[in-house]
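**Student:** Supplied in structure tokens, the structure appears directly below.
The values are calculated or read from the model by the stated rules, or taken from the named source; none is laboratory data. None of these values were measured; they are calculated from a predicted model. Positions of Cβ are backbone-derived with ideal geometry, glycine not excepted, and every protein chain shown enters the neighbour counts.
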Amino acid sequence: MYCGDDVSSVVVDIGSYHTRAGYSGEDCPRSVIPSYVGLYDSQGEDVEMIDAGAVSQSRRRLITGSAELAFKRDAMEIQPLLQGDGIPNFDYLEDILRKSLIDGLMINPKETPMLFTEPPIHNKEARLRLTEFMFEKFQAPAIFIGKAPVYAAFSCGRSTAIVIDSGHRSTTATPVHEGFALQKCIIKHDIGGQYLTQQLQQVLEKERKIEIAPRYSFKKKLYNNNGTEGFDIMRLDTAGVHPSYANWCKEELVRDVKEEVLYVNEDPIDERSMETIRSTQYELPDGTQVTLQSERVALTEKLFLPNDKLASGGFTGIHHMVVESIGRADIDIRRDLFQNIVLAGGNTLFKGYLERLQRQVPEISPQNVKVKVVSGGGGGSGSTSGSERRFSSWVGGSILSSLGSFQQMWMSRQEFEEHGAIMIERKCP
């Protein structure tokens, strides 16, 4: 047991797009970095190997962090932290945690208890490996691992709720009852922010024939022509850029466009009605003007009225996920779940998302239940604050780990040495 009212701890939320870290008791994480690493061959400099800490003969180098990844290096490959099964690459995780905890928060991991979030679907192998990793590699004094939707519910003061968490790669519907994620009721579909980004990128590149020029591929030069100022665009040589880095940088630009101009129509909308949508313009970094009209709602409409390809995979819409997941829960708690639908994750931040769900869930719900949708992270109904939903799992973990009553819940290093990693299954069910 590791306890004490004055325990200073940190919260780490490892997502498929960002890794967030910060101090328990604070409102938002202080460190937010990409859940990606860059791999490249250094030229003539002594570098450390990823795993051994010795000078590498192959001079293969790993870098992390937003600023570092934004700097183009020849043949630098971009790799995601999380693998297809949701288990992190632990070589990459070590560097990302060092960047977040030591460089970002400036803490000593050997002296700081750490609370981690994990996906809602229980993965024993993943949590055992994380437990071993933190105690053996970082010499952590204590850790705790809990389900992200449970924390998201806590972030808005609820111990019972159904949490719709839509992030970069996937969307899950998770009923939470008295602080526990109901495993048999969880529904997951691999549709999230990345899907919409890629769909928009396809519209721009293939349908509109627009060249998406990453920031590293050009240089702006200011000119003044008889008092008229502007920029000339000079294209740069990109022959040495690795395809994975080029794709990652393009997705970053398209993601910005997506977040700026797309929204969810509050009512279902057909193709004819989409023609009445007001057009908007977006200027890419190289000055290219992008005009979007029907696409502003057509892409997000797939979240509620999926196309044939999505439907063939079993996805019938976010509102159907809510009702189906609640229907799998015990009948005695369904009313409470309908009244506490919590939104979490960056992909729920589109304007109109909350309102659309609030309108469509009652249409397919039992007539005698009240439906209420709220924003995770402490927001109420109708709240659109980005930090509230984007960081809701982190915020809930921050609240929980700062409570005096929680301090006896930590799994200590002594317990790990006596019982092994399997103890995490007892301490963090």
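**Student:** Out of curiosity, is VAL264 at pLDDT 95 or above, in a strand (DSSP E or B) and crowded, with 18+ Cβ neighbours inside 10 Å?
**Tutor:** no
**Student:** Right, something else. Please indicate, with yes or no, whether at least one residue in the stretch 140-156 is in contact with an Asp or Glu (Cβ under 8 Å, 6 or more places away or on another chain), of a type in the set (A, V, I, L, M), closer than 27 Å to ASN89 by Cβ and in a helix (DSSP H, G or I).
**Tutor:** There is at least one residue in the stretch 140-156 that is in contact with an Asp or Glu (Cβ under 8 Å, 6 or more places away or on another chain), of a type in the set (A, V, I, L, M), closer than 27 Å to ASN89 by Cβ and in a helix (DSSP H, G or I).
**Student:** Scan the stretch 68-77 and give yes if some residue there is in a strand (DSSP E or B) and touching a residue at least 60 places away in the same chain (Cβ under 8 Å), otherwise no.
**Tutor:** yes
Conditions (1) modelled with pLDDT under 95; (2) within 28 Å of THR300 (Cβ to Cβ), marked per residue:
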site: ALA142; (1), (2): no, no
site: LYS147; (1), (2): no, yes
site: THR160; (1), (2): no, no
site: VAL176; (1), (2): no, yes
site: GLN199; (1), (2): no, yes
site: LEU222; (1), (2): yes, no
site: THR228; (1), (2): yes, no
site: ASP237; (1), (2): yes, no
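**Student:** May I pose another question? Specify which of the listed residues (ILE191, ILE186, ILE233, ILE212) is over 28 Å from LEU81 (Cβ atoms) and touching a residue at least 12 places away in the same chain (Cβ under 8 Å).
**Tutor:** ILE233
**Student:** Looking at the structure I just gave you, is THR280 surrounded by 11 or more Cβ atoms within 10 Å (Cβ to Cβ), within 20 Å of LYS351 (Cβ to Cβ) and without any contact (Cβ under 8 Å) to a residue 40 or more places away in the chain?
**Tutor:** yes
**Student:** Look through the stretch 78-99, keep the residues that are assigned to a strand (DSSP E or B) and in contact with a Phe, Trp or Tyr (Cβ under 7 Å, 6 or more places away or on another chain), and return whichever of them is surrounded by the fewest Cβ atoms within 10 Å (Cβ to Cβ).
**Tutor:** By that ranking, first place goes to GLN79.
**Student:** Another one. Only one residue in LEU343, LEU310, LEU337, LEU349 is crowded, with 17+ Cβ neighbours inside 10 Å, touching a residue at least 60 places away in the same chain (Cβ under 8 Å) and over 19 Å from GLY376 (Cβ atoms). Which one?
**Tutor:** Step by step, each of LEU343, LEU310, LEU337, LEU349 is checked, and only LEU310 is crowded, with 17+ Cβ neighbours inside 10 Å, touching a residue at least 60 places away in the same chain (Cβ under 8 Å) and over 19 Å from GLY376 (Cβ atoms).
**Student:** Let me ask something else about it. Please determine whether any residue of the stretch 407-417 is modelled with pLDDT of 95 or more, of a type in the set (A, V, I, L, M, F, W, C), touching a Lys or Arg at 6+ places or on another chain (Cβ under 6 Å) and not assigned by TED's automatic domain parsing to the domain that holds PRO268.
**Tutor:** There is at least one residue in the stretch 407-417 that is modelled with pLDDT of 95 or more, of a type in the set (A, V, I, L, M, F, W, C), touching a Lys or Arg at 6+ places or on another chain (Cβ under 6 Å) and not assigned by TED's automatic domain parsing to the domain that holds PRO268.
**Student:** Now for a separate question. Which one is farthest from ALA329 (Cα to Cα), of the residues in the stretch 190-200 that are under 15 Å from the mean Cα position of the chain (by Cα) and not in a loop (DSSP other than H, G, I, E, B)?
**Tutor:** THR197
**Student:** Of the residues VAL203, VAL254, VAL241, which single one is surrounded by 14 or more Cβ atoms within 10 Å (Cβ to Cβ), part of a loop (DSSP other than H, G, I, E, B) and within 28 Å of the chain's Cα centre (by Cα)?
**Tutor:** Exactly one residue qualifies, and that residue is VAL241.
**Student:** Which numbered condition trips up VAL374, out of (1) at pLDDT below 95; (2) closer than 22 Å to ILE333 by Cα; (3) assigned to a loop (DSSP other than H, G, I, E, B)?
**Tutor:** Every condition holds for VAL374 apart from (3).
**Student:** Still on this structure, I have one more. Identify, from the list TYR151, TYR195, the residue that is among the hydroxyl-bearing types (Ser, Thr, Tyr) and surrounded by fewer than 21 Cβ atoms within 10 Å (Cβ to Cβ).
**Tutor:** From the options TYR151, TYR195, the qualifying one is TYR195.
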